[in-house]
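Here the structure comes first, spelled out in C-alpha coordinates, and everything after it is commentary.
The values are calculated or read from the model by the stated rules, or taken from the named source; none is laboratory data. Owing to the predicted nature of the structure, the values given are computational and were not obtained by experimental measurement. Quick reminder, even Gly has a Cβ in these numbers, built from the backbone with ideal geometry, and neighbours come from all protein chains shown. For the accessible areas, the whole protein counts, side chains as well, though only heavy atoms, and no ligand, DNA or RNA atoms are used. Shrake-Rupley method; radii C 1.70, N 1.55, O 1.52, S 1.80 Å.
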Amino acid sequence: MGEAVTTLSIKQLRYVEAAGRTGSIAAAAADLNISQSSITAAIDALEADVGFDLFTRVPAKGLLVTSAGQQCLTLIADFLGRFREFQAELSAIGGTSTGVIRLACFAAAAATFLPNAIASFQRQHPGIRFEIVEGNMETVVGYLENGRADLAFTYHETVGDNQLFHQIIDLPYFALLCADDPIANQPSTCLSELAAKPMIELFLPQTRSHYSDLFRKAKIDVNVVHSSSSVAMIRTMIAANLGFTLLNAKPLAAIDRRAGIVAVPLRDRIKPRDFGLVMQTRVRQPRAVADFHAHCEMIRMQGGFEHMAVRIP
(Lines give C-alpha, C1' and ligand atoms only; values in the text may rest on other atoms or scores of the structure.)
Protein backbone atom coordinates (compact mmCIF):
# COMPACT_ATOMS: atom_id res chain seq x y z
CA MET A 1 0.00 0.00 0.00
CA GLY A 2 2.91 2.35 0.72
CA GLU A 3 4.00 2.59 -2.97
CA ALA A 4 0.44 3.15 -4.16
CA VAL A 5 -0.21 6.04 -1.81
CA THR A 6 2.70 8.00 -3.30
CA THR A 7 0.66 8.53 -6.47
CA LEU A 8 -1.70 10.79 -4.51
CA SER A 9 -0.94 14.35 -3.49
CA ILE A 10 -0.97 15.65 0.07
CA LYS A 11 -4.08 17.60 -0.86
CA GLN A 12 -5.92 14.44 -1.95
CA LEU A 13 -4.95 12.64 1.26
CA ARG A 14 -6.42 15.56 3.20
CA TYR A 15 -9.64 15.14 1.23
CA VAL A 16 -9.84 11.46 2.14
CA GLU A 17 -9.03 12.19 5.80
CA ALA A 18 -11.82 14.79 5.94
CA ALA A 19 -14.31 12.32 4.48
CA GLY A 20 -13.40 9.74 7.13
CA ARG A 21 -13.48 12.30 9.94
CA THR A 22 -16.84 13.80 9.02
CA GLY A 23 -18.47 10.62 7.71
CA SER A 24 -19.90 12.48 4.75
CA ILE A 25 -18.71 13.65 1.34
CA ALA A 26 -20.88 16.75 1.62
CA ALA A 27 -19.61 17.57 5.12
CA ALA A 28 -15.99 17.02 4.07
CA ALA A 29 -16.45 19.32 1.07
CA ALA A 30 -18.00 22.00 3.27
CA ASP A 31 -15.24 21.62 5.87
CA LEU A 32 -12.51 22.10 3.27
CA ASN A 33 -14.49 24.56 1.14
CA ILE A 34 -14.11 22.52 -2.05
CA SER A 35 -16.44 20.64 -4.39
CA GLN A 36 -17.93 17.26 -3.49
CA SER A 37 -16.57 15.87 -6.75
CA SER A 38 -13.01 16.59 -5.54
CA ILE A 39 -13.65 14.53 -2.40
CA THR A 40 -15.19 11.69 -4.41
CA ALA A 41 -12.32 11.70 -6.92
CA ALA A 42 -9.72 11.48 -4.12
CA ILE A 43 -11.52 8.55 -2.51
CA ASP A 44 -11.91 6.72 -5.82
CA ALA A 45 -8.23 7.26 -6.67
CA LEU A 46 -6.98 5.95 -3.33
CA GLU A 47 -9.34 2.95 -3.39
CA ALA A 48 -8.08 2.12 -6.90
CA ASP A 49 -4.48 2.35 -5.72
CA VAL A 50 -4.83 0.24 -2.57
CA GLY A 51 -7.19 -2.29 -4.11
CA PHE A 52 -9.89 -2.27 -1.43
CA ASP A 53 -12.83 -0.13 -0.35
CA LEU A 54 -12.22 2.51 2.31
CA PHE A 55 -15.92 3.27 2.69
CA THR A 56 -19.32 1.85 1.97
CA ARG A 57 -21.88 4.37 0.74
CA VAL A 58 -25.18 4.06 2.61
CA PRO A 59 -28.13 6.15 1.38
CA ALA A 60 -29.27 8.72 3.97
CA LYS A 61 -26.39 7.70 6.27
CA GLY A 62 -23.36 8.93 4.37
CA LEU A 63 -20.06 7.06 4.51
CA LEU A 64 -19.36 4.05 6.70
CA VAL A 65 -15.67 3.23 7.16
CA THR A 66 -14.65 -0.37 6.43
CA SER A 67 -12.28 -2.22 8.75
CA ALA A 68 -9.41 -1.93 6.29
CA GLY A 69 -10.42 1.65 5.60
CA GLN A 70 -10.11 2.52 9.29
CA GLN A 71 -6.54 1.22 9.33
CA CYS A 72 -5.80 3.23 6.22
CA LEU A 73 -7.33 6.42 7.67
CA THR A 74 -5.27 6.01 10.85
CA LEU A 75 -2.11 5.87 8.74
CA ILE A 76 -3.21 8.90 6.74
CA ALA A 77 -3.97 10.94 9.87
CA ASP A 78 -0.57 10.00 11.32
CA PHE A 79 1.18 10.91 8.07
CA LEU A 80 -0.59 14.28 7.79
CA GLY A 81 0.30 15.05 11.39
CA ARG A 82 3.96 14.33 10.71
CA PHE A 83 3.80 16.41 7.54
CA ARG A 84 2.51 19.38 9.54
CA GLU A 85 5.46 18.91 11.91
CA PHE A 86 7.79 18.85 8.91
CA GLN A 87 6.31 22.07 7.55
CA ALA A 88 6.62 23.81 10.93
CA GLU A 89 10.21 22.67 11.47
CA LEU A 90 11.19 23.62 7.92
CA SER A 91 9.69 27.08 8.38
CA ALA A 92 11.51 27.47 11.70
CA ILE A 93 15.01 26.95 10.26
CA GLY A 94 15.46 30.71 10.06
CA GLY A 95 14.67 31.01 13.77
CA THR A 96 11.08 32.20 13.35
CA SER A 97 8.33 29.89 14.56
CA THR A 98 5.59 29.61 11.93
CA GLY A 99 2.70 27.33 11.11
CA VAL A 100 -0.85 26.60 12.18
CA ILE A 101 -2.01 25.71 15.70
CA ARG A 102 -5.36 23.95 15.88
CA LEU A 103 -7.14 24.56 19.16
CA ALA A 104 -10.32 23.02 20.57
CA CYS A 105 -11.93 24.79 23.48
CA PHE A 106 -14.93 24.27 25.75
CA ALA A 107 -17.33 26.84 24.34
CA ALA A 108 -18.53 28.15 27.70
CA ALA A 109 -15.00 29.26 28.61
CA ALA A 110 -13.35 30.10 25.27
CA ALA A 111 -14.12 33.80 25.07
CA THR A 112 -13.03 34.41 28.65
CA PHE A 113 -9.33 33.74 28.11
CA LEU A 114 -8.44 32.48 24.63
CA PRO A 115 -8.39 35.77 22.62
CA ASN A 116 -5.99 37.42 25.07
CA ALA A 117 -3.72 34.35 25.18
CA ILE A 118 -3.57 34.25 21.38
CA ALA A 119 -2.98 38.01 21.06
CA SER A 120 -0.07 38.02 23.51
CA PHE A 121 1.43 34.95 21.82
CA GLN A 122 1.21 36.42 18.33
CA ARG A 123 3.08 39.52 19.41
CA GLN A 124 6.08 37.22 19.82
CA HIS A 125 5.23 34.82 16.98
CA PRO A 126 3.48 36.79 14.21
CA GLY A 127 4.04 33.99 11.70
CA ILE A 128 1.68 31.59 13.49
CA ARG A 129 -2.04 31.48 12.84
CA PHE A 130 -4.77 29.65 14.74
CA GLU A 131 -7.65 27.41 13.71
CA ILE A 132 -10.18 27.22 16.55
CA VAL A 133 -13.11 24.88 17.05
CA GLU A 134 -15.49 25.12 19.99
CA GLY A 135 -17.62 22.40 21.48
CA ASN A 136 -18.93 20.87 24.65
CA MET A 137 -16.60 19.06 27.04
CA GLU A 138 -17.16 15.72 25.27
CA THR A 139 -16.55 16.89 21.71
CA VAL A 140 -13.50 18.97 22.63
CA VAL A 141 -11.47 15.96 23.77
CA GLY A 142 -12.85 14.07 20.77
CA TYR A 143 -11.22 16.64 18.48
CA LEU A 144 -7.88 15.65 20.00
CA GLU A 145 -8.53 11.95 19.51
CA ASN A 146 -9.50 12.25 15.86
CA GLY A 147 -6.60 14.57 15.03
CA ARG A 148 -8.68 17.68 14.38
CA ALA A 149 -6.93 19.63 17.15
CA ASP A 150 -3.37 19.82 18.50
CA LEU A 151 -4.37 21.14 21.92
CA ALA A 152 -7.64 21.41 23.82
CA PHE A 153 -8.87 23.46 26.75
CA THR A 154 -11.45 21.89 29.03
CA TYR A 155 -12.12 20.58 32.53
CA HIS A 156 -10.01 17.82 34.07
CA GLU A 157 -12.86 15.34 34.54
CA THR A 158 -13.25 14.90 30.77
CA VAL A 159 -9.64 13.89 30.07
CA GLY A 160 -9.17 10.39 28.62
CA ASP A 161 -6.60 7.71 29.38
CA ASN A 162 -4.41 8.62 26.42
CA GLN A 163 -4.37 12.34 27.18
CA LEU A 164 -2.27 14.61 29.38
CA PHE A 165 -3.80 17.42 31.44
CA HIS A 166 -1.94 20.57 32.49
CA GLN A 167 -3.94 22.73 34.89
CA ILE A 168 -3.96 26.46 34.24
CA ILE A 169 -6.46 27.46 36.92
CA ASP A 170 -8.93 26.10 39.47
CA LEU A 171 -12.42 27.53 39.02
CA PRO A 172 -14.76 27.78 42.04
CA TYR A 173 -18.51 27.69 41.55
CA PHE A 174 -20.44 30.94 41.44
CA ALA A 175 -23.98 32.16 40.88
CA LEU A 176 -24.82 34.31 37.89
CA LEU A 177 -27.74 36.62 38.71
CA CYS A 178 -29.65 39.53 37.27
CA ALA A 179 -28.09 42.83 38.38
CA ASP A 180 -31.49 43.77 39.89
CA ASP A 181 -31.47 40.75 42.20
CA PRO A 182 -30.75 41.70 45.85
CA ILE A 183 -28.16 38.89 46.09
CA ALA A 184 -26.18 40.59 43.32
CA ASN A 185 -25.06 43.21 45.85
CA GLN A 186 -23.72 40.64 48.30
CA PRO A 187 -20.04 39.58 48.52
CA SER A 188 -21.09 35.91 48.41
CA THR A 189 -24.10 33.61 48.49
CA CYS A 190 -24.88 29.94 49.19
CA LEU A 191 -26.94 27.11 47.75
CA SER A 192 -29.64 27.35 50.43
CA GLU A 193 -30.15 31.03 49.68
CA LEU A 194 -30.33 30.45 45.93
CA ALA A 195 -32.74 27.50 46.21
CA ALA A 196 -35.68 29.82 46.70
CA LYS A 197 -35.15 31.23 43.18
CA PRO A 198 -35.86 29.65 39.76
CA MET A 199 -32.77 28.08 38.18
CA ILE A 200 -31.69 28.13 34.54
CA GLU A 201 -29.25 25.26 34.00
CA LEU A 202 -26.42 24.88 31.51
CA PHE A 203 -27.25 21.56 29.85
CA LEU A 204 -24.46 19.86 27.89
CA PRO A 205 -23.86 16.19 27.04
CA GLN A 206 -21.04 15.84 29.54
CA THR A 207 -22.47 18.09 32.26
CA ARG A 208 -26.22 17.48 31.92
CA SER A 209 -27.52 18.06 35.47
CA HIS A 210 -24.08 18.73 36.94
CA TYR A 211 -25.00 22.06 38.50
CA SER A 212 -28.44 21.17 39.82
CA ASP A 213 -26.89 18.00 41.27
CA LEU A 214 -24.91 20.23 43.62
CA PHE A 215 -28.19 21.11 45.34
CA ARG A 216 -29.29 17.49 45.49
CA LYS A 217 -25.97 16.41 47.02
CA ALA A 218 -26.49 19.08 49.68
CA LYS A 219 -30.05 17.75 50.17
CA ILE A 220 -31.54 21.04 49.02
CA ASP A 221 -34.48 21.22 46.61
CA VAL A 222 -34.06 23.50 43.61
CA ASN A 223 -36.54 24.47 40.90
CA VAL A 224 -34.98 24.19 37.43
CA VAL A 225 -37.38 26.16 35.25
CA HIS A 226 -35.29 26.41 32.07
CA SER A 227 -32.19 24.81 30.55
CA SER A 228 -30.00 25.64 27.57
CA SER A 229 -26.79 24.41 25.94
CA SER A 230 -25.81 28.03 25.21
CA VAL A 231 -24.16 30.19 27.87
CA ALA A 232 -24.97 33.25 25.75
CA MET A 233 -28.67 32.38 25.83
CA ILE A 234 -28.57 31.76 29.58
CA ARG A 235 -26.91 35.15 30.13
CA THR A 236 -29.70 36.83 28.19
CA MET A 237 -32.39 35.01 30.18
CA ILE A 238 -30.74 35.96 33.47
CA ALA A 239 -30.50 39.60 32.40
CA ALA A 240 -34.27 39.42 31.81
CA ASN A 241 -34.60 38.26 35.46
CA LEU A 242 -35.92 34.80 34.56
CA GLY A 243 -33.72 33.08 37.13
CA PHE A 244 -30.12 32.35 38.11
CA THR A 245 -27.52 29.80 37.07
CA LEU A 246 -24.33 28.25 38.43
CA LEU A 247 -21.09 28.29 36.45
CA ASN A 248 -17.33 28.00 36.88
CA ALA A 249 -15.71 30.09 34.15
CA LYS A 250 -16.59 33.77 34.44
CA PRO A 251 -18.28 35.16 31.30
CA LEU A 252 -16.77 38.35 29.91
CA ALA A 253 -20.20 39.95 30.16
CA ALA A 254 -20.08 39.59 33.96
CA ILE A 255 -16.96 41.73 34.40
CA ASP A 256 -19.18 44.77 34.86
CA ARG A 257 -22.92 45.31 35.16
CA ARG A 258 -23.51 46.78 31.72
CA ALA A 259 -24.77 43.40 30.50
CA GLY A 260 -27.29 43.26 33.37
CA ILE A 261 -25.71 40.26 35.08
CA VAL A 262 -23.48 39.83 38.13
CA ALA A 263 -21.29 36.90 39.21
CA VAL A 264 -21.45 36.17 42.97
CA PRO A 265 -19.12 33.53 44.51
CA LEU A 266 -20.50 30.61 46.52
CA ARG A 267 -19.35 30.22 50.12
CA ASP A 268 -20.43 26.56 50.25
CA ARG A 269 -17.47 24.21 50.68
CA ILE A 270 -17.46 22.71 47.16
CA LYS A 271 -14.25 21.61 45.48
CA PRO A 272 -13.40 23.88 42.51
CA ARG A 273 -13.11 22.38 39.04
CA ASP A 274 -9.65 22.20 37.45
CA PHE A 275 -9.49 23.79 34.01
CA GLY A 276 -6.52 23.41 31.74
CA LEU A 277 -4.75 22.39 28.59
CA VAL A 278 -5.00 18.85 27.20
CA MET A 279 -2.86 17.02 24.65
CA GLN A 280 -2.52 13.49 23.38
CA THR A 281 0.15 11.30 24.97
CA ARG A 282 2.99 9.96 22.83
CA VAL A 283 2.45 12.68 20.21
CA ARG A 284 5.47 14.81 19.30
CA GLN A 285 4.22 18.36 19.05
CA PRO A 286 5.40 20.74 16.31
CA ARG A 287 7.51 23.65 17.49
CA ALA A 288 4.64 26.15 17.17
CA VAL A 289 2.37 24.05 19.39
CA ALA A 290 5.12 23.54 21.97
CA ASP A 291 5.77 27.30 21.97
CA PHE A 292 2.10 28.08 22.61
CA HIS A 293 1.97 25.50 25.40
CA ALA A 294 4.98 27.19 27.03
CA HIS A 295 3.34 30.58 26.57
CA CYS A 296 0.19 29.41 28.38
CA GLU A 297 2.35 28.11 31.22
CA MET A 298 4.00 31.52 31.49
CA ILE A 299 0.57 33.20 31.62
CA ARG A 300 -0.46 30.78 34.37
CA MET A 301 2.64 31.53 36.45
CA GLN A 302 1.98 35.26 36.12
CA GLY A 303 -1.65 34.86 37.22
CA GLY A 304 -2.93 35.78 33.77
CA PHE A 305 -5.82 33.31 33.89
CA GLU A 306 -7.10 34.50 37.26
CA HIS A 307 -9.76 36.74 35.68
CA MET A 308 -11.61 33.53 34.72
CA ALA A 309 -12.34 32.77 38.39
CA VAL A 310 -14.94 34.25 40.74
CA ARG A 311 -13.60 34.05 44.29
CA ILE A 312 -14.77 35.29 47.67
CA PRO A 313 -13.00 38.61 48.38
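Ligands, DNA and RNA left out, the 1.4 Å accessible surface of the chain is 52% carbon and sulfur atoms.
Residue ranges 9-15, 232-238 sort as 232-238, 9-15 when ordered by packing (mean number of other C-beta atoms within 10 Å per residue, highest first).
Computing log10 I(q)/I(0) by the Debye sum over Cα atoms at q = 0.06, 0.11, 0.16 Å⁻¹ directly from the structure and comparing it against (1) -0.21, -0.72, -1.43; (2) -0.27, -0.79, -1.24; (3) -0.18, -0.63, -1.41 singles out (2). For the stretch 178-313, relative contact order (Cα pairs under 8 Å, six or more residues apart, normalised by length) works out to 30 percent. The 3J(HN,Hα) values that the Karplus relation (6.51, -1.76, 1.60; θ = phi - 60°) gives for the stretch 121-131 are, in residue order, 5, 6, 5, 9, 10, x, x, 9, 10, 10, 10 Hz. Gly and Pro appear as x. For the pair the stretch 191-223 / the stretch 23-44, the C-alpha centres are spaced 44 Å from each other. Using the structure shown, select from K219/K250; K197/K250; K217/K250; K197/K219 the pairs with a Cα to Cα distance greater than 19 angstrom. From the list (K219/K250; K197/K250; K217/K250; K197/K219), the Cα-Cα distance tops 19 Å for K219/K250; K197/K250; K217/K250.
In whole angstrom, note down how far apart the Cα centers of the stretch 99-143 and the stretch 61-78 are. Cα centres, the stretch 99-143 to the stretch 61-78: 27 Å. Orientation-averaged projection of the stretch 216-313 equals 9.5 nm² [convex hull of Cα atoms, one quarter of hull surface area]. Rolling a 1.4 Å probe across the protein heavy atoms gives the chain an accessible surface of 49 Å² per residue. The charge dipole of the chain, taken about its Cα centre with unit charges on the Cβ atoms of Lys, Arg (+1), Asp and Glu (-1) only, comes to about 680 debye. Between R129 and T40, the distance separating the two model label sites (each 7 Å from Cα on the Cα→Cβ line) works out to 3.0 nm. Only bridges with both residues in the chain count here: give the DSSP antiparallel percent, nearest 5. Antiparallel: roughly 55 percent of the beta bridges in the chain. Taking the Cα centre of the stretch 171-293 as reference, the dipole from Cβ charges on Lys and Arg (+1) and Asp and Glu (-1) amounts to some 500 debye.
Starting from the amide H of R102, placed 1.01 Å from N in the peptide plane, find each other amide H under 5 Å away whose residue is 5 or more places distant or on another chain. Hits under the 5 Å cutoff: E131, D150, L151.
R21 sits among other residues whose Cβ lies under 12 Å from its own Cβ, and their net charge, with Lys and Arg +1 and Asp and Glu -1, is -1.
Each other residue within a Cβ distance under 13 Å of T139 adds +1 if Lys or Arg and -1 if Asp or Glu, for a net charge of -1.
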